[in-house]
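Where a number appears in this text, it was derived from the coordinates with a stated rule and is not lab data. The structure displayed is predicted, hence computed values, not measured ones. Cβ placement follows ideal geometry from the backbone for every residue including glycine, while neighbour counts extend to all protein chains displayed.
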């Protein structure tokens, strides 16, 4: 029996026919473009991004704009201190010391700000 191949993010989004596909694709491009070490894949049944660890996941269930969950790996780290991340547009809502939710309006300025946040975030992953 042949090995099962991993589903690509494009395959996932095609399969679920998400109503915010264009916005999701724009956010994916912004995150991937933040640093050449970032790769995407399907993790937690959603578009997710990694360097050495998974650090971001697009919230496909969001009804309030586009949301990206930023985290410091798949497992909680003991005694994790909140990363010092600049957020001049106020995109981040901290959900704990190891994770935050970025809510984007869909504007190009929000995607540019998200890319800057991601560049800082991956230093902590």
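Using Cα-only point scatterers and the Debye equation, what is log10 of I(q)/I(0) for the chain at each q in 0.13, 0.15 Å⁻¹, rounded to two decimals?
-0.50, -0.66
Quick check: pseudo-label points 7 Å beyond the Cα along Cα→Cβ at residue 119 and residue 53, how many nm apart are they?
Placing both labels 7 Å along Cα→Cβ, they lie 2.3 nm apart.
Could you work out [θ]222 nm for the chain from helices alone, using -39500 (n - 2.57) per DSSP H run of at least four and dividing by all its residues? Round to the nearest 500 deg cm²/dmol.
Numbers: 3 runs with 35 residues, N = 125.
Counting only the DSSP helices, I get -8500 deg cm²/dmol.
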